[in-house]
Amino acid sequence: MTERAAFPLFPHRHLLGVKDLSPSDIELLLDRADEAVAISRQSEKKTSTLRGRTQINLFYEASTRTQSSFELAGKRLGADVMNMSVSSSSVKKGETLIDTAMTLNAMRPDILIIRHASAGAAALLAQKVGCSVVNAGDGAHEHPTQALLDALTIRRARGKIARLTVAICGDVRHSRVARSNILLLNALGARVRVVAPSTLLPAGIGEMGVEVFTTMKEGLAGADVVMMLRLQRERMEGAFVPSVREYFRYFGLDAEKLKAAKDDALVMHPGPMNRGVEIASEIADGPQSVIQEQVEMGVAVRMAVMEALLDPRRNPEGQAA
Ligand code: MLT
């Protein structure tokens, strides 16, 4: 781990969105994450990079994999990790996000990981607190560590990202995962497609540097990577799809639809999956699926991000020392 200091200094104090990252920032995080994968595969997983540092996870939305992934990442780096359970905190008594954040800030954490239902919540917090902030998902806006872990999974499986054709399929409209992935994959030179019924495409998608398709057959044709999205029913006000059955028939990934992609196309899903809604079980558990690898890469990417943000070469105010 000591040789990790040889990586260039990451030029940001917070990770709020992929939109703030240059291609070299992204490559730097992916390179660091590759090392973190090796550490996680050792029997002795604990390192001391963040020993003495305090990490607080503040999750206002339900999460299994993202929260546990940040927790494990912090622990593997030797940090003291605290999970704020919003359901049993003063938030239930009506405390505002900023008041909660200021209270936690007064306890002098080094890094705050936040998930919130409102777009912009992480950026707002970053202006108020004295520590680093990581956006673990803000509404339908961004989920930068998800896009990074997806990129790491693809890069490790294919050796590159540039010029691969990636089809992002399903509920693009409500998905922060789609948004962060579009930004990141474009930054690294992939050819990005989105595939969805027109009701599940956000306004202005054509300006995001993607090709837009409304059938799986056309959208998946020759794709190297097929990335499925969860139907985000909790964010839908009204009916965006006629019925779940109908949705699966036209947009759910099954063996027949997958035939349109390359024979060895990778199948991805950020989880949690709705089996039989956006993806058939035989595909989710099949030989082309890298869904479990994505989970493994999640811990590594979060280790890389936290280490990069809390680089000891930076002073506590976040400036290069
Ligand atoms: C998210 O938090 O956005 C998840 O990782 C993906 C999902 O909820 O569908």
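The values are calculated or read from the model by the stated rules, or taken from the named source; none is laboratory data. These figures come from a predicted structure and were not determined experimentally. Ideal geometry is used to build each Cβ from the backbone, glycine not excepted, and the neighbour counts take in all protein chains shown. Ligands, DNA and RNA are stripped out before the accessible areas are found, and what is left, the full protein with its side chains, is counted by its heavy atoms. Shrake-Rupley method; radii C 1.70, N 1.55, O 1.52, S 1.80 Å.
Among the residues of region 300-314, the one identified as under 19 Å from T66 (Cα atoms) and among the basic types (K, R) is R302.
The residue list A280, A284 contains one member that is aliphatic (A, V, I, L, M), more than 16 Å from the ligand (Cβ to nearest atom) and open to solvent by less than 60 Å² (accessible area, probe 1.4 Å), which is A280.
Can you say whether P109 is within 15 Å of the ligand (Cβ to nearest atom), under 30 Å from S48 (Cβ atoms) and out of contact with any Lys or Arg (no Cβ under 7 Å at 6 or more places or on another chain), as far as the supplied structure shows? No: the conditions fail for P109.
Filtered by the rule that a residue be at positive phi and either in contact with a Ser or Thr (Cβ under 6 Å, 6 or more places away or on another chain) or in contact (Cβ under 8 Å) with a residue 24 or more places away in the chain (or both), region 208-246 gives G209, G222.
Where strands (runs of 3 or more DSSP E) sit wholly within region 197-301, those with at least 2 residues that are closer than 25 Å to G139 by Cβ occupy 225-228.
In the set E95, E71, only one residue is among the acidic types (D, E), buried (at least 19 other Cβ atoms within 10 Å of the Cβ) and free of Cβ contacts under 8 Å to residues at least 40 places away in the same chain; that residue is E71. Listed by first and then second residue, the pairs linking a residue in region 137-152 that is farther than 22 Å from E35 by Cα to a residue that is assigned to a loop (DSSP other than H, G, I, E, B), with Cβ atoms under 6 Å apart and 6 or more places separating them unless they lie on different chains, are G137/H143; D138/A119; G139/A117; G139/S118; G139/A119; A140/H174; H141/A119; E142/G17.
So, of the residues in region 177-196 that are in a helix (DSSP H, G or I) and open to solvent by 20 Å² or more (accessible area, probe 1.4 Å), which turns out to be nearest to the ligand (Cβ to nearest atom)?
Only one residue fits best here, namely R179.
Every residue, every condition in (1) more than 11 Å from the ligand (Cβ to nearest atom); (2) open to solvent by less than 10 Å² (accessible area, probe 1.4 Å), yes or no:
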site	(1), (2)
N105	yes, no
R115	no, no
G120	yes, no
Q127	yes, no
A136	no, yes
H143	no, yes
D150	no, yes
I154	yes, yes
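The residue that is farthest from M303 (Cα to Cα), among those in region 30-59 that are buried (at least 21 other Cβ atoms within 10 Å of the Cβ) and within 16 Å of the ligand (Cβ to nearest atom), is L58.
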